[in-house]
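The values are calculated or read from the model by the stated rules, or taken from the named source; none is laboratory data. On a predicted model such as this, the values are computed, not experimentally measured, just so you know. For neighbour counting, all protein chains shown are included, and Cβ atoms are generated from backbone atoms with ideal geometry for every residue, glycine included.
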Amino acid sequence: MKYEVLESNNYYHIFNQGNNGENIFIEDINYLYFFVLTKKYIHPIASILSCRLFKKYFYFLIQIKDVVAISTFLENTIKKN
């Protein structure tokens with residue numbers, strides 16, 4: 001996998017899909033749980049400009065807030081685990 005350094009104020013298109021075309025959202029509650037995780041892990045470091053969730057895949061258009069905020073967030077996350 002290619003490693004890309006995230007830069008402050010840059011825009012990124014993030015997407016993923018299930019293996020072999022399988023659904024990643026099986027029940028409606030899965031969408032809600034996904035948003036809970038998004039708020040916990042994405043919101044501290046990026047603004048979500050657009051989001052689409054489908055049964056088999058999802059994508060986001062985000063703007064990175066501040067690289068220092070990313071470092072701080074990751075350090076705090078690692079310390080908790």
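Answer yes if at least one residue in segment 54-74 is more than 15 Å from the chain's Cα centre (by Cα), among the β-branched types (Val, Ile, Thr), modelled with pLDDT under 90 and over 20 Å from TYR11 (Cβ atoms), and no otherwise.
yes
Could you please find all residues in segment 36-81 being assigned to a loop (DSSP other than H, G, I, E, B) and of a type outside the set (Val, Ile, Thr)?
Answer for segment 36-81, where residues must be assigned to a loop (DSSP other than H, G, I, E, B) and of a type outside the set (Val, Ile, Thr): HIS43, PRO44, PHE54, LYS55, LYS56, LYS65, ASP66, ASN81.
Output the number of residues of segment 1-41 satisfying the condition of being exposed (fewer than 12 other Cβ atoms within 10 Å of the Cβ), among the hydrophobic types (A, V, I, L, M, F, W, C) and modelled with pLDDT under 90.
2
Please list, ordered by first then second residue, the pairs with beta carbon atoms under 9 Å, 6 or more apart or interchain, first in segment 1-23 and free of Cβ contacts under 8 Å to residues at least 24 places away in the same chain, second surrounded by 10 or more Cβ atoms within 10 Å (Cβ to Cβ).
Listed by first residue and then by second, the contacts come to GLU4/TYR12; VAL5/VAL67.
Which pairs turn up if I take residues in segment 45-57 that are without any contact (Cβ under 8 Å) to a residue 40 or more places away in the chain and under 24 Å from LEU74 (Cβ atoms) and look for partners that are hydrophobic (A, V, I, L, M, F, W, C) and not in a strand (DSSP E or B) with beta carbon separation below 8 Å, at least 6 apart in sequence or on another chain?
Hits for this filter: ILE45/ALA69; ILE45/ILE70; ILE45/PHE73; ILE48/ILE42.
What's the number of the only condition in (1) more than 14 Å from SER8 (Cα to Cα); (2) in contact with a Lys or Arg (Cβ under 9 Å, 6 or more places away or on another chain) that ASP28 fails to meet?
(2)
Take segment 42-60 and flag every residue that is over 26 Å from ASN20 (Cα atoms), surrounded by fewer than 15 Cβ atoms within 10 Å (Cβ to Cβ) and not hydrophobic (A, V, I, L, M, F, W, C).
Answer for segment 42-60, where residues must be over 26 Å from ASN20 (Cα atoms), surrounded by fewer than 15 Cβ atoms within 10 Å (Cβ to Cβ) and not hydrophobic (A, V, I, L, M, F, W, C): HIS43, SER47.
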